[in-house]
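A short reminder: the numbers here are calculations on the coordinates, not readings from a lab. Note that this is a predicted model, so its numbers are computed, not measured. Positions of Cβ are generated from backbone atoms using ideal geometry, with glycine treated the same way; all protein chains shown enter the neighbour counts.
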Number of protein chains: 2
Amino acid sequence: MTTWYIESGPEADVVISSRVRLARNFENYPFPSRMNSGQELKVLEITKDAVLNCEGGKKFTFFALKTMPQIDKQALVEKHVISRELAESKRESGVIISNDEKVSIMINEEDHLRIQSLYPGMQIDNAYKLCDKIDDILESKIDYAFSQNYGYLTCCPTNLGTGIRASVMMHLPALTMTGYIRNVLEACGKLGITVRGLYGENSEASGNMFQISNQVTMGLTEDEIIANVTNIASQIVEQERNLRNRLYKSDPIRIEDKVYRSLGLFTSARIISSEESLRLLSDIRLGKDLGIINNISTEILNEIMLLIQPANLQKAAGRILNPDERDVKRAEIIRRKLGYS
Amino acid sequence: MTTWYIESGPEADVVISSRVRLARNFENYPFPSRMNSGQELKVLEITKDAVLNCEGGKKFTFFALKTMPQIDKQALVEKHVISRELAESKRESGVIISNDEKVSIMINEEDHLRIQSLYPGMQIDNAYKLCDKIDDILESKIDYAFSQNYGYLTCCPTNLGTGIRASVMMHLPALTMTGYIRNVLEACGKLGITVRGLYGENSEASGNMFQISNQVTMGLTEDEIIANVTNIASQIVEQERNLRNRLYKSDPIRIEDKVYRSLGLFTSARIISSEESLRLLSDIRLGKDLGIINNISTEILNEIMLLIQPANLQKAAGRILNPDERDVKRAEIIRRKLGYS
């Protein structure tokens, strides 16, 4: 696997990944919530044609959600390539994914089109550039619903205007450990930034992973929004780094104890839940970033973070597993990946 | 170190050690609680002379408790060579210890003499034989307080008669895990057997270690008492073994998970208390006895069990350590002994 979520990017000690998505709709079709299946199929076809037949279209693959096995959908959700909503959609919906999985275009999700780009580390600008490129290709072939007053029209008013959502996934163990994360969350709220857990809306901050993104999509340009999210993310990165160093300096042995115990459990367990895995991974990642652990790469940690999720785990195992079997297989894969089996 | 508490003995999968002690008093001196210091010194001298100048007396060393450093006393308590009471005694008291630490004769503890013998594994009979031999040597030179009606007279009536206490230290993780230990404790009470923790009276059963011993010292011969304790200990050994096998067969992966997690923590921790160490050691010992772990010897586990105790830990470190330093040094020693440093 050499896809984006395995690679390590800039500021990888704190920033796991950057994501930008654009919400777009066809001018001549009702929003997905009001379409009939004939219209749904039409939107699918037009989008598919626009992307797959463009220059470079061979790097993309189309998948119809209706015929996709449940486990494959779930695996894409775990990779953040499609949304939970799309995976659960009853519509004629689809997704176009680039071979490196950096780009995905969800069709007939909440909006007709959700163009998204994912990059490892702190690369919102690159993610935006890529989205913008795909957007240009689509716009050359599709009439978007656009208003001179409001900008791009979207199904939900919270996406109106630019239709952009720029988000950064960050690993914030020191802010969490010390409780300062509360101040960060509060400040974010005041600055128009939403904070969520590993799997977006309503998800818990598993493994000290937090996703920050812009609340407002209107009244600012795309560049202003990107700059704003980047700026706030950078400040959080600095706070997290300072706090890590302060924590480590003030009581190195206690941090080392925490890190090594988690590594010990992670490489010893024969039964392990994804929740516990994420918690231990967080300590191990911290240990790596503080230079306590030197023989494990960020890429391996990223790969494991993905492989411990239920669907990707079952795909790796090559068969459907019940929850108990998953906990055993998860422990097996972790040990194998880290060379402890 | 090749002393008894490192060696592995018969039934070592369940029985850690066997101990027999005889309570004896001089006929012509008041009990220790009523002696003056002149009498105390006299009892010390007579006993010392009797043992050190007997045939084979060169294998013994005398220690006066008053001049012994606190940490050395504590280390002997941790090895079960002397009692906590003797270590804390304000009297002119002493102890004569054989080079292999299998025999110790405490002088001016609760009674004038407490002759004890310690063996690894299930060897109450050997422990008794050795005690009896020492007792014969002493009796040939000392007039014991003895009544035709009551037998050997002792300070506390619970030791009257034979003055014998035979005890077996057992590792009972399966009985504890399943809760069946409660039935065992109840049955023991009815059969005249006392159950205690790792450090005798009023001590908790740390690390699933239980010490069983005879309650009654009168109305039975020494041989009957030894046979009774041996018999009950053997039954408990069988129950523990059956339960271990049943537990392991019914859910092997869960037991392996428990064992490997404990081993993982034990060999990874940078800060560890003696309480946690004993708990983890119990799981590791179980893993070894079930054949899950094969590369760690019982001797190493016994040695570590001793080295993690505060005084022996400080002696191994070569200096006095405060509790926080001890937790760090303990983790260090564990890793070194198991080859993980």
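Pairwise inverse Cα distances across segment B:252-337, averaged and inverted, put the Kirkwood hydrodynamic radius at 13.0 Å. Between copies, the label points of B:Gly56, set 7 Å from Cα on the Cα→Cβ line, lie 9.1 nm apart, reported in increasing order to one decimal in nanometres. Closest approach of any chain A Cβ to the axis that rotates A onto B belongs to A:Gly264, 2, distance given in whole Å. For a modelled paramagnetic label at A:Asn183, 7 Å from Cα along Cα-to-Cβ, the residues of segment A:243-282 in reach, with backbone nitrogen under 20 Å, are A:243-251. In this structure, A:Glu299 and A:Arg336 have a Cβ-Cβ separation that, at R0 = 25 Å, corresponds to a calculated FRET efficiency of about 0.95.
The amide H of B:His80, built 1.01 Å from its N in the peptide plane, has no neighbour under 5 Å, considering only residues 5 or more places off or on other chains. Here A:Lys59 is the anchor, and the aspartates and glutamates within straight C-alpha reach of less than 14 Å, apart from those fewer than 8 places off in the same chain, are A:Asp49, A:Asp100, A:Glu101.
May I ask for log10 I(q)/I(0) of segment A:149-307 at q = 0.19, 0.20 Å⁻¹, from a Debye sum over the Cα atoms as equal point scatterers with solvent left out? One equal scatterer on each Cα of segment A:149-307 leads to -1.18, -1.26.
Taking label positions 7 Å along the Cα-Cβ direction at both A:Ser37 and B:Lys58, the computed distance is 10.2 nm, reported to one decimal. Between the beta carbons of A:Glu139 and A:Leu191, assuming R0 = 22 Å, the FRET efficiency works out to 0.10 to the nearest 0.05.
With a Förster radius of 51 Å applied to the beta-carbon distance between A:Glu88 and B:Ile320, the computed FRET efficiency rounds to 0.20.
Within 10 Å of each Cβ of A:252-259, how many other protein chain Cβ atoms are there on average?
Working: counts 1, 6, 4, 1, 6, 8, 3, 2.
Average neighbour count from other chains, rounded to a whole number: 4.
Once Rg and the Kirkwood radius are both taken over the C-alpha atoms of chain B, their ratio Rg/Rh works out to 0.99.
Sorted shortest first, the distances from the B:Gly318 label point to those of the same residue in the other copies are 5.6 nm; each point sits 7 Å from Cα along Cα-to-Cβ. Each residue of segment A:7-17 is assigned a 3J(HN,Hα), and the resulting list reads 4, 9, x, x, 6, 5, 5, 10, 9, 7, 7 Hz, derived from the Karplus form 6.51 cos²θ - 1.76 cosθ + 1.60 (θ = phi - 60°), x at Gly and Pro. Shortest first, B:Asp223 label-point distances to identical copies amount to 10.4 nm, with the label point at 7 Å from Cα along Cα→Cβ. Helical content of the protein assembly as shown, expressed as a calculated mean residue ellipticity at 222 nm, amounts to -14500 deg cm²/dmol (DSSP H runs of 4 or more residues, -39,500 (n - 2.57) each, divided by residue number, nearest 500). Ratio of Rg to Rh for the protein assembly as shown: 1.19 [Cα atoms; Kirkwood radius as inverse mean 1/r over pairs]. Computed from backbone phi, the HN-Hα couplings of segment A:325-340 come to 5, 4, 4, 6, 5, 4, 4, 4, 5, 4, 5, 5, 4, 9, x, 10 Hz, rounded to whole numbers (Karplus: 6.51 cos²θ - 1.76 cosθ + 1.60, θ = phi - 60°; Gly and Pro given as x). Residue pairs exceeding 27 angstrom between C-alpha atoms, taken from B:Lys102/B:Lys249; B:Lys249/B:Lys329; A:Lys42/A:Lys73; B:Lys48/B:Lys90; B:Lys42/B:Lys90: B:Lys102/B:Lys249; B:Lys249/B:Lys329. Of all aspartates and glutamates in the structure, those lying under 15 Å Cα to Cα from A:Lys66, and not within fewer than 8 positions of it along the same chain, are A:Glu40, A:Glu45, A:Glu85, A:Glu88, A:Glu92, A:Glu109.
Between B:Arg246 and B:Glu275, the contour length at 0.36 nm per residue exceeds the Cα-Cα span by 7.7 nm. For the cross-link pairs A:Lys133/A:Lys190; A:Lys258/B:Lys288; A:Lys133/A:Lys337; A:Lys315/B:Lys258, the ones whose C-alpha atoms lie over 30 Å apart are A:Lys133/A:Lys190; A:Lys133/A:Lys337.
Going highest first, how would you order B:265-276, B:12-23, A:211-222 by mean Cβ packing within 10 Å?
Highest-to-lowest ranking by the protection proxy: B:12-23, B:265-276, A:211-222.
Peptide B:266-273 is shielded by partner chain Cβ atoms: per residue, an average of 6 of them sit within 10 Å of its Cβ.
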